[in-house]
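The values are calculated or read from the model by the stated rules, or taken from the named source; none is laboratory data. Every value quoted in this text rests on a predicted model; they were computed, and no experiment measured them. Neighbour counts are summed over all protein chains in view; Cβ atoms, including those assigned to glycine, are modelled from backbone coordinates with ideal geometry. When the accessible area is computed, the model is the full protein with side chains, heavy atoms only, and any ligands, DNA or RNA have been set aside. Shrake-Rupley method; radii C 1.70, N 1.55, O 1.52, S 1.80 Å.
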Amino acid sequence: IRALNNTPVPVTRIGANVHLYLMFLAMAALTILSPGPSTLKSLTNALNHGLGAALVGMAGLTCGVLVVATLSATSLGMLIAASPTTFELVRYGGVLYLVWLGVKLWRSVPAPLAEGTPTQRRHLFVEGLLLQFANPNALIFFLSVLPQFIDRERDYLPQFLLLVSSFCLLMLLVHGAYICSARKARRWLQGGGGRWINRISALAFGILAIVLLRS
């Protein structure tokens with residue numbers, strides 16, 4: 001067994017692994033760039049609470065991805081995906097959470113130049129963490145898509161850690177760019193644009209909840 005473990009990996013297999021990894025990066029980038037609840041959350045955090053608070057919220061979103069990915073790799077994730085009743089409970093919980101975020105955002109008063117207080121930052125972190133559980137599609141992504149990029153002839157854990165950490169790094173980069181772009185619009189937001197952004201984002205959360213309910 002020790003001799004087999006010390007056997008060098010063929011060059012062709014290394015090339016195949018690199019190809020799979022690049023394909024995963026492309027799919028992860030498309031997934032993160034596409035509009036969704038986490039993107040809206042980062043944008044509205046930047047508009048309403050400032051740069052620092054938005055970065056804290058982004059950290060919560062990323063931690064949520066780590067937790068969901070970890071759960072998907074365990075028997076609990078398989079149970080949720082395989083049990084219609086459990087999956088429906090998760091889905092309805094996600095719908096209610098998206099509706100709650102939409103109502104909260106609709107009623108919020110934009111303050112583009114104000115930096116969030118420590119309490120607000122903690123709330124944004126928790127909201128970002130829980131938001132990843134509001135969309136069961138994230139669980140399905142890590143249950144169905146990620147395993148396709150795992151080489152079954154090699155150790156699972158190092159590959160899993162590489163793919164999930166790469167996904168999280170891409171998420172930090174993309175959401176960081178969104179946040180910085182949103183902060184540059186502060187002058188327009190002071191003129192009343194912030195309220196429109198909040199209302200549009202609140203409606204988007206409502207539409208996402210309806211789509212999730214009907215999916």
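Considering only protein heavy atoms and a 1.4 Å probe, what is the carbon-and-sulfur percentage of the accessible area of the stretch 121-179? Walk me through the numbers on the way to the answer.
Values: 2030 of 3090 Å².
That fraction is 66 percent.
Through the Karplus equation 6.51 cos²θ - 1.76 cosθ + 1.60, θ set to phi - 60°, convert the phi angles of the stretch 20-35 into ³J(HN,Hα) values in whole Hz; use x for Gly and Pro.
Computed from phi, the couplings for the stretch 20-35 are 4, 5, 5, 5, 5, 4, 5, 5, 5, 4, 5, 5, 6, 6, 5, x Hz.
Quick one: order K184, K41, K104 from most to least accessible surface, probe 1.4 Å. Intermediate results must be reported in sequence, preceding the final value.
Numbers: K184 175, K41 15, K104 95 Å².
So the residues, ranked largest to smallest area, are K184, K104, K41.
For a protection proxy built on the mean count of beta-carbon atoms within 10 angstrom, sort 195-204, 149-158 highest first, please.
Numbers: 195-204: 17.1, 149-158: 11.4.
Highest mean packing first, the order is 195-204, 149-158.
Roughly speaking, what is the centre-to-centre gap between the stretch 130-170 and the stretch 37-73 when only Cα atoms are used, to the nearest Å?
Going from one Cα centre to the other spans 17 Å.
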